[in-house]
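Step one of this worksheet: look at the structure below.
Only the coordinates and a few stated rules stand behind these numbers; no lab work does. As the structure is a computational prediction, the values presented were derived from the model and not from experiment. Note that each Cβ is placed from the backbone with ideal geometry, even for glycine, and that neighbours are counted across all protein chains shown.
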Amino acid sequence: MSAFNLRNIREISNDPLTKFTNEIAKKLSAFLTKDSITQLDDQEDIYADGQDIDSVVKFHDNFESTNKFDNTHAYYPAFEPDGDKLRLWVRGRSIGNTLRDYSTYNQVCELWGDPILVDGTPFDDGTKTGGNKSIALRFFRPEAIDINNIIIKDDTLIRAAEDLSTGVSFFMRFRVFDIAQEGGENRTLFEKTDNNPVDDSTKLEIDAGGRLKFQLQHAGTIYTQQTDIGVIDINTVYDVWCTWAIGEEPKIYVNGSSMPLFGTSPLEYHGNLDNFDWYLMRRGSGPPDNGLVYGDLYDFRIYREKVVTAAEVGYMYTNKWTISNIPYGQVMIANYFAAYEAPTPSFTSTSFTSSFDL
């Protein structure tokens, strides 16, 4: 008559009224079922659900990757993390309440809603010889039960543009499945304001035609550029760089190539301008809650006080890991390296004879 219920392992709210209501519900349930209780062998109580608490356990058991290091080529250390310019590095490879910041700055990266892990194919980062070549974090899928996004708490180290003296670079690897406007707004890949009134900020959108629109505001001056044609299609993995140097127009690179750009009207920001957190895969805080991205996040990085060059963009697109000039498949990954050498027989048919000299 008894059954295991995940709700039983979670505490009821500490709110006094809620606790009182829950206790009354239990007593009422026990009274209504007292005749049934006497018929039980072990005299267990039967309770109805006095208060329902939503809980979820997600299992991802279909991801498996292998790699064989055969010592046929050398591995080289990457620029990242450098403990200086790379201020944030978020990878879409896990779920939970928070995501790890691989930059070593340990920024607080919160995961909201119910995104799921998915097979990242066809993207292959060159570190696996078998199984899933990559995984990604999927947001705002049609069956999602809530708004999905990443919130990275505001910190002086990762401001969008405030107090810059050289410039800044943003990198994002993603795949989208819908580029039509959502809630009357363009799909927003990332957005952040640094102050209110807004003097320093940034935003990257995809419009319904597949054009990228990037904005950076520094010390009150707004720089807004967009690609002259649609460069983003659905169900395709893209490496996108947005860079800005002091006093210059922004640049956008897609899959290793610099895009022709032209100026456009300023982009609007989120409603709650007192919120200075980073928002990924949606507009920032406050109404309207729209511009949500139905797609996969693989990688997001901030290089502050470093304007990544066209050559470095090309290196990253080639090797998938770093702005260092390292060939594909030869980037040394921390805590991922192992030596492998196939065993050879001690004797062969030509080296072994039946007679020995004593």
Among LEU99, GLY167, LEU204, whose Cα projects farthest towards the positive end of the dipole of segment 68-332, with charges put on the beta-carbon of Lys, Arg (+1) and Asp, Glu (-1)? LEU99
Could you derive backbone 3J(HN,Hα) for segment 277-289 from the dihedral phi with the Karplus parameters 6.51, -1.76 and 1.60 (θ = phi - 60°), listing whole Hz in sequence and x where the residue is Gly or Pro? 6, 6, 10, 10, 6, 5, 5, x, 5, x, x, x, 7
Output the Cα-based Rg and Dmax of segment 68-332 in Å, rounding Rg to one decimal and Dmax to a whole number. 17.5, 57
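At 0.36 nm per residue, and after removing the present C-alpha to C-alpha distance, how many nm does the segment from THR121 to ALA25 gain when stretched out fully?
Working: separation 96, 0.36 × 96 = 34.56 nm, distance 5.00 nm.
Stretched out fully, the THR121 to ALA25 stretch lengthens by 29.6 nm.
List, in the order given, every pair from LYS128/LYS192; LYS192/LYS213; LYS133/LYS306; LYS128/LYS153; LYS85/LYS320 whose Cα-Cα distance in the structure shown is over 23 Å.
LYS128/LYS192; LYS133/LYS306; LYS128/LYS153
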Karplus ³J(HN,Hα) for segment 206-217 (6.51 cos²θ - 1.76 cosθ + 1.60, θ = phi - 60°; Hz, whole; x = Gly/Pro) runs 10, 8, 5, x, x, 7, 8, 10, 10, 10, 9, 10
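Please work out the FRET efficiency for the pair ASN290 and SER257, using the Cβ-Cβ distance as r and a Förster radius of 35 Å; give the result to the nearest 0.05. The partial results should precede the final answer.
On the way: r = 31 Å, r/R0 = 0.87.
E between ASN290 and SER257, to the nearest 0.05, is 0.70.
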Each residue of segment 251-264 in turn: what ³J(HN,Hα) in whole Hz from Karplus with 6.51, -1.76, 1.60 and θ = phi - 60°, glycine and Pro shown as x? 10, 10, 10, 10, 6, x, 10, 6, 9, x, 10, 9, x, 9
Distant-in-sequence amide H partners of VAL307 (H built 1.01 Å from N, under 5 Å): none
For the ranges 187-200, 262-275, 219-232, what's the packing order if you count other beta-carbon atoms within 10 Å of each residue, average per peptide, and put the highest first? 187-200, 219-232, 262-275
Rg/Rg_globular for segment 230-304, with Rg_globular taken as 2.2 N^0.38 Å and Rg from C-alpha atoms: 1.26
Gain on full stretching of the segment that runs from GLU143 to THR318 - 0.36 nm per residue minus C-alpha separation: 59.5 nm
Two-decimal Rg/Rh across segment 110-175, once Rg and the Kirkwood Rh are taken from alpha-carbon atoms: 1.08
Amide H of GLU185 versus every other amide H placed in the peptide plane: which residues, excluding those fewer than 5 positions away on the same chain, fall under 5 Å? GLY291
Tell me which residues come under 5 Å, amide H to amide H, from VAL176 once H is placed; ignore anything under 5 positions away on its chain. ASN235, THR236, ASP296
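Of VAL293, VAL254, VAL331, how do they rank once you tally other Cβ atoms within 10 Å and put the fewest first? Don't jump to the answer; show the numbers that get you there.
Values: VAL293 27, VAL254 17, VAL331 21.
Fewest-to-most Cβ neighbours within 10 Å comes out as VAL254, VAL331, VAL293.
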